[in-house]
1. Considering every residue within the stretch 11-18, establish whether at least one is touching a Lys or Arg at 6+ places or on another chain (Cβ under 9 Å) and either in a loop (DSSP other than H, G, I, E, B) or charged (D, E, K, R) (or both).
2. Would you tally the residues in the stretch 88-120 being crowded, with 22+ Cβ neighbours inside 10 Å, part of a strand (DSSP E or B) and touching a residue at least 60 places away in the same chain (Cβ under 8 Å)?
3. So which of Phe6, Phe80, Phe12 is under 18 Å from the mean Cα position of the chain (by Cα) and either touching a residue at least 24 places away in the same chain (Cβ under 8 Å) or within 22 Å of Val263 (Cα to Cα) (or both)?
4. Might you let me know whether the stretch 259-269 holds any residue that is within 16 Å of ligand 1 (Cβ to nearest atom) and polar (S, T, N, Q)?
5. Look through the stretch 216-259, keep the residues that are open to solvent by 60 Å² or more (accessible area, probe 1.4 Å) and in a helix (DSSP H, G or I), and return whichever of them is nearest to ligand 2 (Cβ to nearest atom).
6. Looking at the stretch 176-188, which of its residues are open to solvent by 10 Å² or more (accessible area, probe 1.4 Å), closer than 19 Å to Gly212 by Cβ and not charged (D, E, K, R)?
7. Would you confirm whether or not the stretch 217-240 contains a residue that is away from ligand 1 (no atom under 16 Å from the Cβ), of a type in the set (S, T, N, Q), more than 30 Å from Leu18 (Cβ to Cβ) and touching a Lys or Arg at 6+ places or on another chain (Cβ under 7 Å)?
Amino acid sequence: MTPSSFFSLARFGIRTILFRKKDPILGTIILTDKCNLKCRHCSVNNITAVIYPYAQIREEMRQLYGMGIRILFFCGGETFLWEDAGKCLRDLVVEAKEMGFLIVNVVTNGTFPIDLPEADLILLSLDGDREAHNRIRGDTYDAIMENIQNASADNICFYMAINQINRHAIRDVCRAAKQLPNVRAVSFNFHTPYPDTAELALSPAEKAECCGVIEEQMREGAPVFNLKSAFPYLIRGTFPTPCEQCVVMENGNLSICGRCIDVPGLCDQCGYFFVAEYTLLFRGNVKIIFEMLRTYLKYI
Ligand code: SF4
Ligand code: SF4
């Protein structure tokens, strides 16, 4: 992150905390829900399988920028399947940077070649060791590892959604993050139980055990891109929801926090670490503020 981006985001944070403002800073654009996988825990793939047109995505980028969003995520479905009007995902990242977004991140399942050095972070889903990952995501582990090794930059961050299938594989993902030169960090979430995947949810005791393992891995030098001060809130489910500073744009529809906001009762069981981290940050939680400063400056 450049010093001017850092000061711009810090200014936003101070204003939000001091004046209890609710302006958004982080936006996600869903490029498509089309996906080449059908993961066990996923409720959002291939509902329409429409690739949204370039002109529409560009307009959504302009709209979010105009609202004050400065951290942008491109998300799917699978983002690397997106192409339209002679443009590909990489063009969108470059255009977002030119438009003025300070941080531009991409979420992917990692099954396509990774040539995206312009992205600040590529959040790549790795859900455990080969056995656990493949149980959740089909036989994709080896192809993903090959794509990581051949990636054109070291801007990859693993993204692991912890559930009943892979909760014992946290150490494996931390180890891979430490060993692979193109991987900068690992970021965790707990499974957020949509009605059709409720059986994968963790109990508070299981969440506590997972957080214990993540803390142990942090102590042993694993590059974890999460804030341990948020763990007690994540275990008990006591962080505020939704995140007012985050918005999602899908096919012209804007939602606060996530597209999951319309699923009744789901926010009470939210497992997204970023929601806990951001909502606690913007409520002025001092431990979170200092830990976030340290963590973000280290990994972005
Ligand atoms: S890769 Fe992502 S969008 Fe595709 S099925 Fe898996 S979790 Fe869902
Ligand atoms: S479940 Fe609610 S709080 Fe969690 S990401 Fe979705 S909308 Fe936000």
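1. The initial filter retains those residues of the stretch 11-18 that are touching a Lys or Arg at 6+ places or on another chain (Cβ under 9 Å), namely 12, 15-17.
Going one step further and asking which of them are either in a loop (DSSP other than H, G, I, E, B) or charged (D, E, K, R) (or both), we end up with 15.
Yes: one or more hits.
2. 0
3. Values: Phe6 fails: under 18 Å from the mean Cα position of the chain (by Cα); Phe12 fails: under 18 Å from the mean Cα position of the chain (by Cα).
Result of the check over Phe6, Phe80, Phe12: Phe80.
4. no
5. From the stretch 216-259, those open to solvent by 60 Å² or more (accessible area, probe 1.4 Å) are 219-220, 228, 233, 236, 238, 244, 251, 253-254, 256, 259; that's our starting set.
Going one step further and asking which of them are in a helix (DSSP H, G or I), we end up with 219, 228, 233, 236, 259.
Details: Arg219: 28, Lys228: 20, Tyr233: 12, Arg236: 15, Arg259: 7 Å.
Applying the filter and picking the extreme gives Arg259.
6. Ser187 - this is the single residue of the stretch 176-188 that is open to solvent by 10 Å² or more (accessible area, probe 1.4 Å), closer than 19 Å to Gly212 by Cβ and not charged (D, E, K, R).
7. Filtering the stretch 217-240 down to residues away from ligand 1 (no atom under 16 Å from the Cβ) leaves 217-240.
From the residues that got through so far, the ones that are of a type in the set (S, T, N, Q) too are 217, 226, 229, 238.
Now drop any that are not more than 30 Å from Leu18 (Cβ to Cβ), which leaves 217.
In the following step, the residues that additionally are touching a Lys or Arg at 6+ places or on another chain (Cβ under 7 Å) were identified as 217.
Yes; the residues of the stretch 217-240 include at least one that is away from ligand 1 (no atom under 16 Å from the Cβ), of a type in the set (S, T, N, Q), more than 30 Å from Leu18 (Cβ to Cβ) and touching a Lys or Arg at 6+ places or on another chain (Cβ under 7 Å).
Listed here are the residues, each with its yes/no results for (1) more than 16 Å from ligand 2 (Cβ to nearest atom); (2) within 21 Å of the chain's Cα centre (by Cα).
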| site | (1), (2) |
| --- | --- |
| Cys35 | yes, yes |
| His41 | no, yes |
| Tyr52 | yes, yes |
| Ala55 | yes, no |
| Glu59 | yes, no |
| Leu64 | yes, yes |
| Cys88 | yes, yes |
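The values are calculated or read from the model by the stated rules, or taken from the named source; none is laboratory data. Bear in mind that the values here come from a model prediction, so they are computed numbers and not experimental data. Quick reminder, even Gly has a Cβ in these numbers, built from the backbone with ideal geometry, and neighbours come from all protein chains shown. Note: areas computed on protein heavy atoms with side chains; ligands, DNA, RNA excluded. Shrake-Rupley method; radii C 1.70, N 1.55, O 1.52, S 1.80 Å.
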